[in-house]
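Here's the structure, in structure tokens; my notes come after.
What follows draws every value from the coordinates through simple rules; no lab data is involved. This one's a predicted model, so the numbers in the text were calculated from it and none came from an experiment. Cβ placement follows ideal geometry from the backbone for every residue including glycine, while neighbour counts extend to all protein chains displayed.
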Amino acid sequence: MHHASCLCGNVKIEVAGDLPPPNACHCTMCRKQSGHYWASTEVKKTNMTVTGDVTWYQASDRVRRGFCPTCGSFLFFDPLFQDWTAISMGAFDGPTGVKLTHHIYIDNKGDYYDIADGLPQNGQ
Ligand SMILES: [Zn+2]
């Protein structure tokens, strides 16, 4: 069982079992919403329980992005037609037991940083 929350504690998340290996997304939307690039883990919807108010921003007809309406923490990337929701790695309390595996959408990365961790990088 893993526990996560937003900054103010309004939104609490429980994940049953191990966390899937996270990736880091450098797409324009993740950079704008997170403030940098965004690390997340894609958890099956049946393995997660969310309590508290979440505000959903409909980023496209296929994806909504969730954040806390009180403190603004960006928590969820939710593709409506998938069986998983991506949860912000930064929201987790305690050891996560996982490491980043790769970078995605680096074609949209900012010019103000380099990716130098040696992990695989995908353009899209
Ligand atoms: Zn909050």
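The stretch between Ala16 and Thr49, if pulled fully straight at 0.36 nm per residue, gains 11.0 nm over its current Cα-Cα span. Summing Cβ point charges (Lys, Arg +1; Asp, Glu -1) relative to the Cα centre of the chain gives a dipole of roughly 200 debye. Under 19 Å Cα to Cα from Lys45, which lysines show up? Leave out anything in the same chain fewer than 8 places away. Hits, sequence-local ones excluded: Lys12. Site pair Cys71 and Asp117 shows an inter-label distance of 2.2 nm when each label is modelled 7 Å from Cα along Cα→Cβ.
Seen from every direction in turn and averaged, the convex hull around the alpha carbons of the chain projects onto 7.6 nm².
Of all aspartates and glutamates in the structure, the ones whose alpha carbon falls short of 16 Å from that of Lys44, not counting any fewer than 8 places away in one chain, are Glu14, Asp18, Asp78, Asp83.
Computed over the range 2-108, relative contact order equals 35 percent, with contacts defined as Cα pairs under 8 Å that lie 6+ residues apart.
Note on the chain: helix-only mean residue ellipticity at 222 nm, from DSSP H runs of 4+ residues weighted -39500 (n - 2.57) and normalised by residue number, equals -1500 deg cm²/dmol. Each of Ala91, Tyr37, Leu80 was scored by the projection of its Cα onto the charge dipole of the range 2-108, and the greatest displacement toward the positive side belongs to Tyr37; charges sit on the C-beta of Lys, Arg, Asp and Glu. Distance between the C-alpha centers of the range 1-45 and the range 54-124? Whole Å please. A separation of 6 Å, based on Cα centres. By the beta-carbon count within 10 Å of each Cβ, the least crowded to most crowded order of Glu42, Glu14, fewest first, is Glu14, Glu42.
Toward the positive end of the charge dipole of the chain, with +1 on the Cβ of Lys and Arg and -1 on the Cβ of Asp and Glu, the farthest Cα among Gly66, Ala116, Thr46 is that of Gly66.
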